[in-house]
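Trainee: This is the structure I have questions about; it appears just below.
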2 protein chains.
Amino acid sequence: MGTDKQKLREICRIAARVFFEKGYDGASMQDIAGAVGLTKAGLYHHVGSKNRLLFEIMSYGMDILHETVIDRVKSVADPRERLRQTIIGHIDLIVRARDLEITVILHENRSLKGALRRKINVRKREYIQMLEDLIAQVQREEGNAMISPRLAAFALLGIVNWLYQWYRPDGRIKEPELARSYVDFFFRGLLGEGQKSRHWRASGQL
Amino acid sequence: MGTDKQKLREICRIAARVFFEKGYDGASMQDIAGAVGLTKAGLYHHVGSKNRLLFEIMSYGMDILHETVIDRVKSVADPRERLRQTIIGHIDLIVRARDLEITVILHENRSLKGALRRKINVRKREYIQMLEDLIAQVQREEGNAMISPRLAAFALLGIVNWLYQWYRPDGRIKEPELARSYVDFFFRGLLGEGQKSRHWRASGQL
């Protein structure tokens with residue numbers, strides 16, 4: 001990764017925190033320059049404009065999704081195992097505190113305007129399509145189509161992305177329990193499998 | 001309902017649209033007064049402050065949730081049927097265009113400060129507790145505890161609340177198909193029931 005890209009990512013991380021705290025409209029470029037330790041002119045040199053900075057933060061969020069979820073599972077041959085690892089990877093991405101601000105900003109994209117917004121939406125749609133195709137593949141292999149792959153993909157995104165609204169890593173529910181519960185819940189919802197022998201109380205974690 | 005409350009609700013609906021379009025920090029009280037057709041002094045008379053106005057919008061959102069979901073199902077004796085109707089009612093609330101702005105603002109509550117934020121969070125927690133208790137009741141009646149009621153309640157909230165991010169009522173998927181699919185998906189995830197005979201393609205709606 002080049003130095004320019006590293007610098008841009010550093011700016012994105014800090015700016016995401018400022019937007020998270022003050023809101024996109026409430027945060028000035030001066031606020032962000034101050035937090036990053038640049039002059040306002042220096043900040044504009046790196047990011048072009050405030051809307052472009054928001055776009056860069058969201059692009060960074062999508063890059064992280066690729067690097068920590070998509071790239072890691074693409075060599076997994078079995079579709080069901082690939083889906084399982086995708087869910088676990090996406091949950092891990094959402095709940096880890098390091099990228100919280102970036103995750104939140106990625107979900108609240110109404111401030112992004114015009115062509116930049118469309119670009120981000122294309123990347124989001126590619127991810128959704130990948131999930132949908134993977135779910136359809138699992139359904140075919142299992143000879144089971146209880147729900148439209150598209151509705152199942154959005155149900156999964158809802159369950160996982162909503163975590164940022166409520167889940168606290170230092171709370172009672174630890175991430176392995178969370179991930180296992182939601183992987184099982186999703187596969188039951190998708191395929192209608194009983195797994196009646198597994199009771200959550202037996203885990204002793206809640 | 002008194003005239004004052006009706007007036008306040010009208011202000012909330014219009015202000016929600018302005019916040020939705022400009023962001024909470026980007027919208028001025030002057031913008032909102034203009035949209036409502038009041039002087040700025042008149043607007044302050046009705047709502048007290050900008051943060052109080054945001055609180056009133058969110059309270060209105062929680063009132064709608066009570067009126068259209070909770071109050072309608074509380075006379076349903078069978079827990080499973082009550083849970084089913086709660087899911088359908090909540091989906092209907094999220095997808096209907098009339099209250100879209102209020103719904104969105106209810107979910108993006110980082111702008112609300114201090115005691116007012118805590119008040120809204122108490123109301124949200126009451127709803128989550130109601131869902132959790134209802135889910136636990138269904139699990140007891142079915143002799144089935146595959147997932148913690150709390151995790152199941154948040155999975156449901158994620159699936160349903162995420163709809164505002166992607167679902168378009170004028171798209172290919174109509175609300176009855178959506179609601180039926182997600183009710184079935186949730187109950188399979190919760191109870192591990194097969195329902196193997198029902199295939200989504202048979203409905204011909206997707």
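Trainee: For segment B:27-42, which residues satisfy the criterion of being within 14 Å of chain A (Cβ to nearest Cβ) and among the polar types (S, T, N, Q)?
Mentor: B:Ser28
Trainee: For segment A:129-148, name all the residues that are under 18 Å from B:Leu178 (Cα atoms) and facing another protein chain (nearest Cβ under 8 Å).
Mentor: If the condition is that a residue be under 18 Å from B:Leu178 (Cα atoms) and facing another protein chain (nearest Cβ under 8 Å), then A:Ala145, A:Met146, A:Ile147, A:Ser148 are the ones that fit.
Trainee: Taking segment A:154-188 only, how many residues are in contact with a Lys or Arg (Cβ under 6 Å, 6 or more places away or on another chain) and within 7 Å of chain B (Cβ to nearest Cβ)?
Mentor: So the answer is 1.
Trainee: If you don't mind, another one. Kindly establish whether B:Asp133 is acidic (Asp, Glu) and more than 10 Å from the chain's Cα centre (by Cα). Explain how you work it out, then say what you get.
Mentor: Values: acidic (Asp, Glu): yes; more than 10 Å from the chain's Cα centre (by Cα): yes.
Yes: the conditions hold for B:Asp133.
Trainee: Given the condition among the aliphatic types (A, V, I, L, M) and more than 25 Å from A:Arg96 (Cβ to Cβ), answer yes or no: does some residue in segment A:19-28 qualify?
Mentor: No, that holds for no residue.
Trainee: Taking the condition more than 28 Å from A:Arg172 (Cβ to Cβ) and at the interface with chain A (Cβ under 8 Å from one of its Cβ atoms), does B:Leu151 pass?
Mentor: Answer is no for this residue.
Trainee: Condition first: exposed (fewer than 15 other Cβ atoms within 10 Å of the Cβ) and aliphatic (A, V, I, L, M). Can you find one or more residues in segment B:33-46 that meet it?
Mentor: Yes, segment B:33-46 has at least one match.
Trainee: Let me ask something additional. Identify, please: which residue in segment A:30-72 is basic (Lys, Arg) and more than 22 Å from the chain's Cα centre (by Cα) and is, among those, nearest to A:Arg82 (Cα to Cα)?
Mentor: Restricting attention to segment A:30-72, the residues satisfying the condition of being basic (Lys, Arg) are A:40, A:50, A:52, A:72.
Add one more test, that the residue is more than 22 Å from the chain's Cα centre (by Cα), and what stays is A:40, A:50.
Working: A:Lys40: 45, A:Lys50: 38 Å.
Among those residues, the one meeting the criterion is A:Lys50.
Trainee: Considering (1) under 11 Å from the mean Cα position of the chain (by Cα); (2) surrounded by 18 or more Cβ atoms within 10 Å (Cβ to Cβ); (3) among the aliphatic types (A, V, I, L, M), say which one A:Ile159 fails and leave the rest.
Mentor: Status for A:Ile159: all satisfied but (1).
Trainee: Select from segment B:67-98 the residues that are loosely packed, with under 14 Cβ neighbours inside 10 Å and closer than 17 Å to B:Ile128 by Cβ and list them in ascending order.
Mentor: Listed by number, the list holds a single entry, B:Lys74.
Trainee: Any chance you could count how many residues in segment B:170-182 are surrounded by fewer than 21 Cβ atoms within 10 Å (Cβ to Cβ) and over 16 Å from the mean Cα position of the chain (by Cα)?
Mentor: The total comes to 8.
Trainee: Cβ contacts < 6 Å: first residue in contact (Cβ under 8 Å) with a residue 60 or more places away in the chain and within 12 Å of another protein chain (Cβ to nearest Cβ), restricted to segment B:13-26; second residue small (Gly, Ala, Ser) and part of a helix (DSSP H, G or I), any location; separation 6+ or different chain. Result?
Mentor: B:Tyr24/B:Ser111
Trainee: Here's a follow-up. Restricting attention to segment B:118-172, report how many residues are of a type outside the set (A, V, I, L, M, F, W, C) and closer than 30 Å to A:Val122 by Cβ.
Mentor: Taking segment B:118-172 as the starting set, the residues that turn out to be of a type outside the set (A, V, I, L, M, F, W, C) are B:118-119, B:121, B:123-127, B:129, B:132-133, B:137, B:139-144, B:148-150, B:158, B:161, B:164-165, B:167-172.
Subset that is closer than 30 Å to A:Val122 by Cβ: B:158, B:161, B:164-165, B:167-172.
Looking only at that region, the number is 10.
Each value in this text was obtained by applying a stated rule to the coordinates, not by laboratory testing. Note that the structure is predicted; figures quoted are calculated from it, not measured. With ideal geometry, Cβ positions are generated from the backbone for all residues, glycine too; neighbour counts draw on all protein chains shown.
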